[in-house]
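Just below is one structure, and these are the notes that go with it.
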Amino acid sequence: MTLIESAKLSRLNPHDYLADVLARINEHKINRLHELLPWNWKPVNTLHRQAA
């Protein structure tokens with residue numbers, strides 16, 4: 001299954017998901033890559049709100 005199909009199954013907008021993941025993956029810690037999988041993913045702006 002592709003990331004796009006997985007995003008759709010997780011009820012995500014595939015474009016938004018991939019754009020966010022591609023923007024973040026370079027700085028993301030390798031031992032936390034599971035956070036970027038469609039079923040675990042949270043947009044950056046959601047993460048900032050939770051931290052505040």
> Fewest first, what order do VAL44, VAL21 take by the number of other Cβ atoms within 10 Å?
Replying inline: VAL44, VAL21
> When the convex hull of the C-alpha atoms of the stretch 3-51 is computed, what volume per residue in Å³ does it have?
Replying inline: 79 Å³
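Just so you know, all these numbers are worked out from the coordinates, no wet-lab data involved. Computed from a predicted model, the values in this text were never measured in an experiment. Neighbour counts are summed over all protein chains in view; Cβ atoms, including those assigned to glycine, are modelled from backbone coordinates with ideal geometry.
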